[in-house]
1. Which numbered condition trips up Phe116, out of (1) more than 27 Å from Glu265 (Cα to Cα); (2) assigned to a loop (DSSP other than H, G, I, E, B); (3) more than 16 Å from ligand 2 (Cβ to nearest atom); (4) among the hydrophobic types (A, V, I, L, M, F, W, C)?
2. Residues in region 264-271: is at least one open to solvent by less than 10 Å² (accessible area, probe 1.4 Å) and either more than 15 Å from Glu123 (Cβ to Cβ) or among the charged types (D, E, K, R) (or both)?
3. In region 83-94, which residues are on the phi < 0 side of the Ramachandran plot and either in contact with a Cys (Cβ under 8 Å, 6 or more places away or on another chain) or open to solvent by less than 30 Å² (accessible area, probe 1.4 Å) (or both)?
4. Does Ile214 fit the bill of being under 19 Å from the mean Cα position of the chain (by Cα), open to solvent by less than 30 Å² (accessible area, probe 1.4 Å) and not small (Gly, Ala, Ser)?
5. For region 162-174, does any single residue satisfy the condition of being surrounded by fewer than 20 Cβ atoms within 10 Å (Cβ to Cβ), away from ligand 2 (no atom under 16 Å from the Cβ), modelled with pLDDT of 95 or more and in a loop (DSSP other than H, G, I, E, B)?
6. Check region 95-111 and report whether any residue there is in contact (Cβ under 8 Å) with a residue 12 or more places away in the chain, surrounded by fewer than 18 Cβ atoms within 10 Å (Cβ to Cβ), away from ligand 1 (no atom under 16 Å from the Cβ) and within 30 Å of Ile34 (Cα to Cα).
7. Check every one of the strands (runs of 3 or more DSSP E) wholly within region 220-291 and list those with 3 or more residues that are modelled with pLDDT of 95 or more and closer than 23 Å to Asn52 by Cβ.
Amino acid sequence: MPIKVEPILPRFGAEVSGVDISKPLDEATRRQIIDIQHEWGVTVWRNTHLDNASHVAFSRIFGHVELAPARNGQYRFEQPELFDASNIDRSGVIVDNASIRLAAKGNRLWHSDSSFMKVRAAEALLLCHEAPPHGGPTWFADTRSAYEDLPQTMKDRLEGLQAVHSYFWSRRRAGYPYTEEEVDAMPAAVHPVVHVHKGSGRKALFIGAHTRDIIGMQREDGRKLIDELIAWCTQPQYVISVHYKPGDMSIWDNLCSLHRGGEYEDTRYRRDMRRTTVRDPDAGEASSDHYTRLFTDAGDTPFAPRDSTLERIPEKV
Ligand code: OGA
Ligand code: MN
C-alpha cells in the first residue's frame, strides 16, 4: 500500500497513512518518510500502535535521539529517550502544583524546542497515550511560508541578524520568578533569525518564546521585533491544530515551525503525552545528552526557581 499524504494547509502540515511505523521499515520507506517530513514540516499519524520502545526505534530514522531530562530526578519510563510531556506522576495521578502550573503556562507560549541550546533539535515526535475528552491539542505555525510572505523591506532588515535564545527568558515570560539580571547570567545560545531549512532548501524564521534579544539592537527594540515576528508567523493562515486520540502522533520539525500546547482542563483530565527529540543532523559534534547535562549537572542551583513553593526544576519545552 503506498504512503498516503493528505495536506492540512496547502504548504504545511499533512496527515500521513498507509505504512505501519510500529514495525522496522526498509530503507526506501524510511527515505520517503523523511522526505515527507521535510516537505510538510508537521506530520500527523493516526492510530500508530506505537509503544515506548517502537516510538524510540521509529524516531531513530530521523537521526540521533537525545536523552530526555528526568522529572524530579526520576524517569517514568524504561527508555531514557522519552520526555514526559504528561500532566501525571509515576502512579498516574494528575499533578497539580505551582510548578506544574508554570510549566504548562510556558508550554503554551509559541516556541521551538531547545532553541536555547547551541545544538538545536530538528524533529520532535509526540505520541499520545491518553487524551482528555475535549481538546488538549498542539498548535503549530509555519515559519517558512511566514518568512516567504514577509515584505521585502522586512526580509532585508532581517538578513544576517542573530538572536540570543534563553530558556530562562521564556520561563520569565511565563511568570517564573527570575529577574532580568538572573536571566542574563544564565546560559544562552545564539542562532540566525533567518536560516535555510536544509531539508527543503526553503528559508525559515527562527524565533520564539526563548528568543531573548536581537544582537546589535537595543533590548526594547529587539523584543518588539521578536514579538512582531512571532505574531506574524502565528496568523491563522499559517496555523494548524492537532487533536489527539490515544495512539496518534504528531512529528514537527523545530527548524521550520513553532508550536504551543493547547488549553484543556488539566487539573481534571489526564493527558499522557510522550516525546522523543532528534538532534539537528547538521549540528556537528556534540555530547550525546547535552541537554540533560545542562539541567542535571547544575543540581538545584542556579536552575531552581527562587520561590521555595516551586519545588522542582522547571522542565524543558
Ligand atoms: C513539547 C510540547 C506540546 C503539547 O512536548 O515540546 O511543546 O501539546 N508539547 O504537549
Ligand atoms: Mn515544545
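1. (3)
2. Checking region 264-271: not a single residue is open to solvent by less than 10 Å² (accessible area, probe 1.4 Å) and either more than 15 Å from Glu123 (Cβ to Cβ) or among the charged types (D, E, K, R) (or both).
3. Phe83, Asp84, Ser86, Asn87, Ile88
4. In short, no.
5. Within region 162-174 (the criterion being surrounded by fewer than 20 Cβ atoms within 10 Å (Cβ to Cβ), away from ligand 2 (no atom under 16 Å from the Cβ), modelled with pLDDT of 95 or more and in a loop (DSSP other than H, G, I, E, B)), the answer is no, since none of the residues qualifies.
6. No, region 95-111 has no match at all.
7. 249-253, 272-279
To keep it simple, each residue is scored yes or no on (1) open to solvent by less than 10 Å² (accessible area, probe 1.4 Å); (2) among the polar types (S, T, N, Q); (3) out of contact with any strand residue (DSSP E or B) (no Cβ under 8 Å at 6 or more places or on another chain).
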| position | (1), (2), (3) |
| --- | --- |
| Ile33 | yes, no, no |
| Gln37 | yes, yes, no |
| Asn52 | no, yes, no |
| His55 | yes, no, no |
| Ile61 | no, no, yes |
| Glu66 | yes, no, no |
| Pro69 | no, no, no |
| Gly73 | no, no, yes |
| Glu81 | no, no, no |
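The values are calculated or read from the model by the stated rules, or taken from the named source; none is laboratory data. Fair warning: this is a prediction, and the values are worked out from it, not measured in the lab. Neighbour counts are summed over all protein chains in view; Cβ atoms, including those assigned to glycine, are modelled from backbone coordinates with ideal geometry. Side chains included, ligands, DNA and RNA excluded: accessible areas come from the protein's heavy atoms. Shrake-Rupley method; radii C 1.70, N 1.55, O 1.52, S 1.80 Å.
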